[in-house]
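Below: one structure, written as structure tokens.
The values are calculated or read from the model by the stated rules, or taken from the named source; none is laboratory data. Owing to the predicted nature of the structure, the values given are computational and were not obtained by experimental measurement. As a convention, Cβ positions derive from the backbone with ideal geometry for all residues, glycine included, and neighbour counts pool all protein chains shown.
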Amino acid sequence: GKEKWPRGDEKTWKEGFRSVNTEVPSITKSIVNHVQTSLARQAYNLDDLGAYQAAALSVRDDLILNWNETQMHYTRKAPKRAYYLSLEFLMGRTFDNALLNLGLKEQYREGITKLGFNMEDLLEQERDAALGNGGLGRLAACYLDSSASQELPVWGYGLRYQYGIFQQLISPEGQQLEQPDPWLAGGENPWELPRLDVTYEVRFYGTAERLPEGRALWQGGQEVLAVAYDVMVPGCYTKNTNNLRLWESKPKRGFDLNSFNAGDYEHAVESSNSAAAITSVLYPNDHTTFGKELRLKQQYFWTAASLADIVRRFKNIGKPFSAFPDYVAIQLNDTHPTLAIPELMRILIDEEEIPWGKAWDIVTNTVFYTNHTVLPEALEKWPVPLMEHLLPRHMQIIYDINLFFLQAVEKKFPGDRDRLARMSLIEEGFPKQVRMAHLACIGSRKVNGVAELHSELVRTTILKDFVEFEGPSKFSNVTNGITPRRWLDQCNPELSALISKTLKVDKSVWLKDLDKLKELLPYAEDAGFRKEWAAIKQRNKERLAHHVQTTLGLTVNTHAMFDVQIKRLHEYKRQTLNILGVIHRYLTLKQMTAAERKKVNPRVVFFAGKAAPGYYIAKLTIRLIVNAARIINADPETRDLLTVYFLPDYSVSLAEVLIPASDISQHISTAGTEASGTSNMKFCLNGGLLVGTVDGANIEIAEAVGENNVFFFGHLTPAVEDLRYQHMYHPVPVEEKCPPLAKVLDCVASGMFGDGGVYEPLLNTIRQHDYYLITEDFESYIGALAMVDQAYLDKEEWIKKSIRTTANMGKFSSDRAILEYAESFWNIEPVKVA
Ligand code: GPU
């Protein structure tokens, strides 16, 4: 029979229900409650950390209420949902973001002050959730914020790594040292809900025996348990609070009791260790394929658990599997989750007994693939022997997909054997390898790149054959975006307040309709407004200087231009070009007379970023930056005009301090190599100008803000291949091609910044193949920096540029981007929680 809910007396239940605390007295009461009970502490011995924990628990209660209501509402309405599968979610801190999205920051500030604490100090207590390497992981975090804010039924799926991206230390010699990031070691993480009851078994190894009708029986091997942890994702000024489900691996059984009883303790815990290892650490490699078994295990563990969860939720709706694509869209964040394609095939065929053709239709109408790079070294490939061993059934399915696919290609292009070899899912060689981008492409409904130029390069280079085979309509573009909540309102509260005051509209409006910023344009002509604008930039520079003073003990000249390059260290991003440019500036200053120097703009150059632990050349670049900084900053002749800082341990939270303080930032990748870039958008949104190459989203930013507000330099994408080719077959020495650069390289080699021999391998990358065209772009780069200096002399004009830049950045809200995914790919609609 039908049970009555709630059980017992309904009125008693309802009296017990609470809602979100919005008034200061109820907020302080809740905080004090948590101090007394959850923390088991007293008012008498509470430090900042304890106060932060209690306040966080209080906000967590509110998030749980909204989260619960949202999930119940989604379940009742059963709309089509989208799932964002990403191996990385670079969330940063949550406390401040949650307070702002709930619209409760001022109430909490007042309450916390009443309790004798300082809001800013409490915010600093939180550790970053750094479950990502860089742009790809931060993009996933911005998309979650926008999905919730736009009230879209979207969940994220990822892994709950015990250790996030490593902490970076810099040795006195300038070497990067890596330390583990035990971000959960503090005990409770208030922002997640352990769901110890939501578990799935995931199998590895074993044997796959083919059965009739294309099915197979996969058995034996190792079984591991996936346990769900749910991270609440609040939308901005809405009740909608979405879910990020992160999986943790656990042994299926605690340990092997038989071995234990037989006295073999070591063997008893061995299998439990290997299961726990799967989600122990984020791989710190960015843009590389690594070929390591544990990484492939991570990928399968996560896609298998996520798909099991998605399929179970779908089954609860009670529709036939033919309706699966009407209820489910799955977005692959790069190729890392590509195993979702053969895994969904396995579930449909082996478990649901659906014939191959129907199963393939379901898969290819459900899955969508975003590519994030065209760099060949980053295109994932897995050795066939490793796949066969770890995932025997999936390897069979991949071979079958390939067979049917190549038959179709052969039919369309008869006898074109080269084409078949190029397009095959299997790359011949020793060993053979599975090409994950090809699998992701043919298994998906749509394929997109992340900026116009990049999407065009995807269509014309790495997936050209696939466009010719399938037609162009499957291949499209969604230019990346950033959330203006974190990247303006949270990191730059004064600018946010000035915008609301000037537009005479509450931030809840323009933060969710960023095109409204256009209305700032006329105020560029208003001298009073410009003064306020400039004063905020100045205070943000002082805030950064204060940070450097307290963390590194260094005094920064806040009257200088702040020039910032912050991103992963990579040859294609060309931090080397920047530091060689700095040295060139230093040499130029040294040659000037005192009178000439008087006319020079003071400049402070900031670098921050991590190098993959095994990326030798990137680590050498850090070493050169640190040692050049040491010499240049100590030179009394020039130090008022030029200083350089390498800020260790770059993170989301450090970016939130650096970005609002920047006058100019550098996005100087070799043309055609940076798929989009997203920090470029963050700087511009905060009124910083760009110096950059004609690459990635720089191009669309310039289109939006006006080319006169961006400092472009360097060769264009179509020239790059020719230049590399020429350089390969008709090499011209640096001394001839670019004498000023040759001089800089000589200074480095001759030991101006410590033992020159150390830098030889780095210098040789430029003197020899110079694959990233530093020589070719150097003079035009120096020219662009001179233009920046020139423009900065006219302070008023510079501020106008800054205002116009911010005003024209509406397009780059991740709300726009996520709505494009929702409307043109996923076909999902907002589901508002009343
Ligand atoms: N990106 Br592939 C990463 O951060 N990591 C990767 O492994 C790969 C791409 C970045 C792109 O380099 C950057 O241009 C882009 O803005 C970002 O993904 C988000 O699309």
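Structure data summary
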quantity	calculated
Filter result for V694 (surrounded by fewer than 23 Cβ atoms within 10 Å (Cβ to Cβ), within 16 Å of the ligand (Cβ to nearest atom) and of a type in the set (A, V, I, L, M, F, W, C))	yes
Selection count, region 50-72, where residues are over 28 Å from the mean Cα position of the chain (by Cα) and within 15 Å of L122 (Cα to Cα)	4
Pick from region 697-716, criterion of a type in the set (S, T, N, Q) and crowded, with 18+ Cβ neighbours inside 10 Å, ranking: farthest from A655 (Cα to Cα)	N709
One residue from E178, E151 being touching a residue at least 40 places away in the same chain (Cβ under 8 Å), outside any loop (DSSP other than H, G, I, E, B) and surrounded by fewer than 24 Cβ atoms within 10 Å (Cβ to Cβ)	E178
Evaluation of T366 against (1) more than 26 Å from W247 (Cα to Cα); (2) under 30 Å from the mean Cα position of the chain (by Cα); (3) hydroxyl-bearing (S, T, Y) (one fails), failing number	(1)
Test: residue in region 664-676 that is part of a helix (DSSP H, G or I) and under 24 Å from T550 (Cβ atoms)	no
Any hit, region 362-384, residues being in contact with a Ser or Thr (Cβ under 8 Å, 6 or more places away or on another chain), crowded, with 22+ Cβ neighbours inside 10 Å and among the small types (G, A, S)	no
For W218: the one exception among (1) part of a loop (DSSP other than H, G, I, E, B); (2) surrounded by fewer than 21 Cβ atoms within 10 Å (Cβ to Cβ); (3) at pLDDT 95 or above	(1)
Check on L690, in a helix (DSSP H, G or I), assigned by TED's automatic domain parsing to the domain that holds S665 and under 23 Å from E779 (Cβ atoms)	no
Qualifying residue in region 438-457 (condition: more than 28 Å from H394 (Cα to Cα), among the polar types (S, T, N, Q), in contact (Cβ under 8 Å) with a residue 24 or more places away in the chain and within 16 Å of the ligand (Cβ to nearest atom))	no
Helices (runs of 4 or more DSSP H) wholly inside region 9-98 that include at least 3 residues being at positive phi, of a type in the set (A, V, I, L, M) and crowded, with 16+ Cβ neighbours inside 10 Å	none
Hits in region 623-660 (condition: closer than 17 Å to A560 by Cα, assigned to a loop (DSSP other than H, G, I, E, B) and in contact with a strand residue (DSSP E or B) (Cβ under 9 Å, 6 or more places away or on another chain))	D635, L641
Members of region 279-323 that are at pLDDT below 95 and aromatic (F, W, Y)	F290
Pairs with Cβ under 8 Å, 6+ apart, first in region 602-621 and under 22 Å from L690 (Cα atoms), second among the polar types (S, T, N, Q) and surrounded by fewer than 19 Cβ atoms within 10 Å (Cβ to Cβ)	P602/N557; V604/N557
Matching residues in region 290-303 - criterion: being within 15 Å of the ligand (Cβ to nearest atom) and either touching a Ser or Thr at 6+ places or on another chain (Cβ under 8 Å) or closer than 15 Å to E88 by Cα (or both)	R295, Q298, Q299
Pair list, Cβ under 6 Å, 6 or more apart: region 362-375 residue in the same structural domain as G137 (by TED's automatic domain parsing), other residue within 16 Å of the ligand (Cβ to nearest atom) and in a helix (DSSP H, G or I)	F368/F825; Y369/A440; N371/V458; H372/L136; V374/L457; V374/T461; V374/I462
Qualifying position, being at pLDDT 95 or above, under 26 Å from T461 (Cα atoms) and in the same structural domain as R603 (by TED's automatic domain parsing), among N680, N709	N680
Selection status of A308, surrounded by 23 or more Cβ atoms within 10 Å (Cβ to Cβ) and not basic (K, R)	no
